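Student: Pasting in a structure now, in structure tokens, and then I'll have a few things to ask.
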Amino acid sequence: MILGIVAIGLGWLPFIFAAAAVAGVLAIVLGLRARRRAKTPGPQFGVGDGMATAGLILGPIGLLACVGGLVFSIVMVGAIDRFENPAENNTAITSCERDGNDVTAQGELTNVSGSTASFTVRVSFVRPGTDNPRRQANVIVSDVEPGETRSFEVVRSVPLEKVDCIIATVRGELPFGIDPGD
């Protein structure tokens, strides 16, 4: 019974579903053994039959939850792969201008791959001549057709007198809208 509950509780979680599947199978196996023992005539007759039945019910339900965990894992791996390995592109900053404390970076991204793709461009605002970011900003450029060039713009408050804008990274679309960081 306990192993069936564990399988249900953890089975839907990406990557952890494998351990939950083992718990689900053990819930079924141990439930069958306990039920057989409870039906054997003797001093233990009928003892534990309810828990054995619960294990036999919860184990398969936990295994079904594990199927969901497998699907979630496959979807997550695909989303992270699309983020880490974006379509081929050419990206450049076209201007970097200050207005008070605000610095505006403008640029262009060209999708040079053969398929429509979305990109996350990380712009870093750095001291001139360095690549040490003082501020960073992500710009999402969605659904860029093959060969299409799109402009993008980002504004950040940067407390430096002189600043350069550089492309830090270009990645695919954010997995589930969450930035996993560097």
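Student: Does PHE17 satisfy the criteria of being touching a residue at least 60 places away in the same chain (Cβ under 8 Å) and surrounded by 15 or more Cβ atoms within 10 Å (Cβ to Cβ)?
Tutor: no
Student: Has segment 121-132 got at least one residue that is in a loop (DSSP other than H, G, I, E, B), under 27 Å from the mean Cα position of the chain (by Cα), of a type in the set (Gly, Ala, Ser) and more than 24 Å from ILE178 (Cα to Cα)?
Tutor: no
Student: Mind listing whichever residues of segment 129-146 are more than 19 Å from ARG82 (Cα to Cα) and either at pLDDT 90 or above or of a type in the set (S, T, N, Q) (or both)?
Tutor: Across segment 129-146, the qualifying residues are THR130, ASN132, ARG135, GLN136, ALA137.
Student: If you don't mind, another one. If you go through segment 142-163 one residue at a time, do you hit one that is in contact with a Pro (Cβ under 8 Å, 6 or more places away or on another chain) and either hydroxyl-bearing (Ser, Thr, Tyr) or in contact (Cβ under 8 Å) with a residue 12 or more places away in the chain (or both)?
Tutor: Checking segment 142-163: at least one residue is in contact with a Pro (Cβ under 8 Å, 6 or more places away or on another chain) and either hydroxyl-bearing (Ser, Thr, Tyr) or in contact (Cβ under 8 Å) with a residue 12 or more places away in the chain (or both).
Student: Could you please tell me which pairs satisfy a Cβ distance under 8 Å, a separation of 6+ or placement on different chains, a first residue in segment 48-73 that is of a type in the set (S, T, N, Q), and a second residue that is surrounded by 15 or more Cβ atoms within 10 Å (Cβ to Cβ) and modelled with pLDDT under 95?
Tutor: As it stands, the answer is THR53/GLY31; THR53/ARG35; SER73/PRO14; SER73/PHE17, since those pairs meet every condition given.
Student: Quick check: anything in segment 45-66 exposed (fewer than 15 other Cβ atoms within 10 Å of the Cβ), of a type in the set (Val, Ile, Thr) and out of contact with any helix residue (DSSP H, G or I) (no Cβ under 9 Å at 6 or more places or on another chain)?
Tutor: Scanning segment 45-66, I find no residue that is exposed (fewer than 15 other Cβ atoms within 10 Å of the Cβ), of a type in the set (Val, Ile, Thr) and out of contact with any helix residue (DSSP H, G or I) (no Cβ under 9 Å at 6 or more places or on another chain), so the answer is no.
Student: Across segment 142-181, which residue is nearest to LEU109 (Cα to Cα) among those that are of a type in the set (A, V, I, L, M, F, W, C) and in a loop (DSSP other than H, G, I, E, B)? Talk me through it step by step, then tell me what you get.
Tutor: So in segment 142-181, the residues of a type in the set (A, V, I, L, M, F, W, C) come out as 144, 152, 154-155, 158, 160, 163, 165-168, 170, 174, 176, 178.
Still in the running and in a loop (DSSP other than H, G, I, E, B): 158, 160, 163, 174, 178.
Details: VAL158: 24, LEU160: 27, VAL163: 22, LEU174: 17, ILE178: 22 Å.
Per the criteria, the residue is LEU174.
Student: Being assigned by TED's automatic domain parsing to the domain that holds ASP164 and either farther than 30 Å from VAL155 by Cα or outside any helix (DSSP H, G or I) (or both) narrows it down to one residue among ILE57, ILE74, ILE93; which is it?
Tutor: ILE93
Student: Within the bounds of segment 96-112, is there any residue that is within 29 Å of PHE176 (Cβ to Cβ), in the same structural domain as GLU173 (by TED's automatic domain parsing) and assigned to a loop (DSSP other than H, G, I, E, B)?
Tutor: yes
The values are calculated or read from the model by the stated rules, or taken from the named source; none is laboratory data. These numbers were taken from a predicted model, which means no experiment stands behind them. Because the Cβ atoms are built from the backbone with ideal geometry, glycine has one as well, and the counts that use them run over all protein chains shown.
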